[in-house]
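Q: Sharing a structure, written as structure tokens. Questions coming.
The values are calculated or read from the model by the stated rules, or taken from the named source; none is laboratory data. Source: prediction; values computed, not measured. In this analysis, Cβ positions are derived from the backbone assuming ideal geometry, glycine residues included, and neighbour counts consider all displayed protein chains.
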Amino acid sequence: MGRLPVQPDPELLHHCITHKAVMVTGAGGSIGSELCRQIIRLQPTCLVLFELSEFALYQIDQELSNLTASEGLNVPLIPVLGSVQDRARVEDVLRTYQVDTLYHAAAYKHVPMVEHNPVEGIRNNVFGTLHTAQAASACGVSHFILISTDKAVRPTNVMGASKRMAELVLQGLAQLPGNTTFGMVRFGNVLGSSGSVVPLFRKQIQAGGPLTVTHPEIIRYFMTIPEAAQLVIQAGAMAAGGEVFLLDMGEPVRIFDLAQRMIRLSGLEVRDEYTPHGDIRIEFSGLRPGEKLYEELLIGEAPETTGHSRIFKAREDALEWRELERILAQLQTACRQYNLPVIYRLLKLHVQGFKHSGNMPGVGGNHPAVFDTPAQTPQTHIKCVA
């Protein structure tokens, strides 16, 4: 990363977890599984692993079972198969295990995949968040923390727009009376996550290259998975209702520089016009559908500081709940009908800064950016934290 990792605040780490029943949705994913590893060491009364993928659930359950045995942790693990879109299933689990704190990491997050499958992306990311949050409120969950993304800021892709809609859902629910505190944590890329550029480069180096970089000037913020999970837990502990927290990701990294660094760290040499006898070439493949050169963390004005040096609070606009209910009803109808023009129009109207052509470049003509339907056919970079 080119910087030292952030040291956690023990009091914030324990606040929502120790001696409480905790549930993680998307428990088998990159962030969800790391949240589980850290939560289990903070001594909750139990840890509910909620996951749609049977294989991912089996893997994390086995890993954590081995961890509890080797470290002598007396924490019951409850592996649960289910979808966050199924409110009744979520409610049943929350009531059965009397969950106090819920970390909502379940999401479809791969930009090109959601571009190809926008309806399923919206159903999972927007309505999955809505149903899970409503279930949490109905069951008296104390804290509900959404794992969000920097791609929610002025998005150029459906995945980012769906995550901003998910944030709007929680901002709206936070306006209603109830005992559940809703918060969300927005951050950038994590090193080594599924679909991340780092494991991709590692595989390409092992295969002898070339390393594929989408654009010579593309940059991203990076954080290690353990560091991100620690900061999510700490930010969630500071939530009072409806806040969007931002994690300080440090300085941005140019992906071309990262590719060169990984080649050299592997004991090899970059092959280019200056070193024609080098080992591995770097090729530019072009930006993928919906991909930005630069990512941002902030939509509004300068963020507020918090009690933690690496966690900031955004001042983001929110919609009134009644207005949001109307928009969600329209979006749900459009998804049910696979009406892509209406879906894109609703996202453009209600997700600030959303720019999307509705077309899929590189597939020949103006084909819809979708494979989940029936028979239908440069951003300004703002560094928000120091």
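Q: Checking MET113 against (1) hydrophobic (A, V, I, L, M, F, W, C); (2) in contact with a Ser or Thr (Cβ under 9 Å, 6 or more places away or on another chain); (3) within 30 Å of ALA334 (Cβ to Cβ), which single condition isn't satisfied?
A: Checking MET113 against (1) hydrophobic (A, V, I, L, M, F, W, C); (2) in contact with a Ser or Thr (Cβ under 9 Å, 6 or more places away or on another chain); (3) within 30 Å of ALA334 (Cβ to Cβ), the one that fails is (2).
Q: Say whether the condition of being modelled with pLDDT under 90, within 22 Å of GLY160 (Cβ to Cβ), surrounded by 17 or more Cβ atoms within 10 Å (Cβ to Cβ) and not aromatic (Phe, Trp, Tyr) is met by at least one residue in region 204-213.
A: So far as region 204-213 goes, no, none of its residues is modelled with pLDDT under 90, within 22 Å of GLY160 (Cβ to Cβ), surrounded by 17 or more Cβ atoms within 10 Å (Cβ to Cβ) and not aromatic (Phe, Trp, Tyr).
Q: If I ask for residues that are at pLDDT below 95 and either among the small types (Gly, Ala, Ser) or in contact with a Cys (Cβ under 6 Å, 6 or more places away or on another chain) (or both), which ones from region 99-137 would you list?
A: none
Q: Another question, if that's okay. I'm checking my understanding of the structure. Among residues of region 46-79 that are part of a loop (DSSP other than H, G, I, E, B) and under 24 Å from the mean Cα position of the chain (by Cα), which one is surrounded by the fewest Cβ atoms within 10 Å (Cβ to Cβ)?
A: Taking region 46-79 first, the residues part of a loop (DSSP other than H, G, I, E, B) are 52-53, 72-76.
Next, only the ones that are under 24 Å from the mean Cα position of the chain (by Cα) stay: 52-53.
Values: LEU52: 20, SER53: 14.
The extreme case among them is SER53.
Q: Let me ask you something else. Which one is nearest to ALA105 (Cα to Cα), of the residues in region 6-43 that are out of contact with any strand residue (DSSP E or B) (no Cβ under 7 Å at 6 or more places or on another chain), in a helix (DSSP H, G or I) and among the hydrophobic types (A, V, I, L, M, F, W, C)?
A: Of all residues in region 6-43, those out of contact with any strand residue (DSSP E or B) (no Cβ under 7 Å at 6 or more places or on another chain) come to 6-15, 18-19, 29, 33-34, 37-38, 41-43.
So of that shortlist, the ones also in a helix (DSSP H, G or I) come out as 10-15, 33-34, 37-38, 41.
Now narrow it down to the ones that are among the hydrophobic types (A, V, I, L, M, F, W, C): 12-13.
Numbers: LEU12: 19, LEU13: 17 Å.
Filtering region 6-43 for residues that are out of contact with any strand residue (DSSP E or B) (no Cβ under 7 Å at 6 or more places or on another chain), in a helix (DSSP H, G or I) and among the hydrophobic types (A, V, I, L, M, F, W, C), the one nearest to ALA105 (Cα to Cα) comes out as LEU13.
Q: Can you give me the number of residues within region 195-215 that are part of a helix (DSSP H, G or I) and of a type in the set (A, V, I, L, M)? Even if it seems obvious, please write down each step before you answer.
A: Taking region 195-215 as the starting set, the residues that turn out to be part of a helix (DSSP H, G or I) are 197-206.
When the remaining residues are screened for being of a type in the set (A, V, I, L, M), the result is 197-198, 200, 205.
Number of matching residues: 4.
Residue-by-condition table, conditions (1) at pLDDT 85 or above; (2) assigned to a helix (DSSP H, G or I); (3) crowded, with 19+ Cβ neighbours inside 10 Å:
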{"site": "GLY241", "(1), (2), (3)": "yes, no, no"}
{"site": "VAL244", "(1), (2), (3)": "yes, no, yes"}
{"site": "LEU258", "(1), (2), (3)": "yes, yes, yes"}
{"site": "ARG261", "(1), (2), (3)": "yes, yes, no"}
{"site": "GLY267", "(1), (2), (3)": "yes, no, no"}
{"site": "PRO276", "(1), (2), (3)": "yes, no, no"}
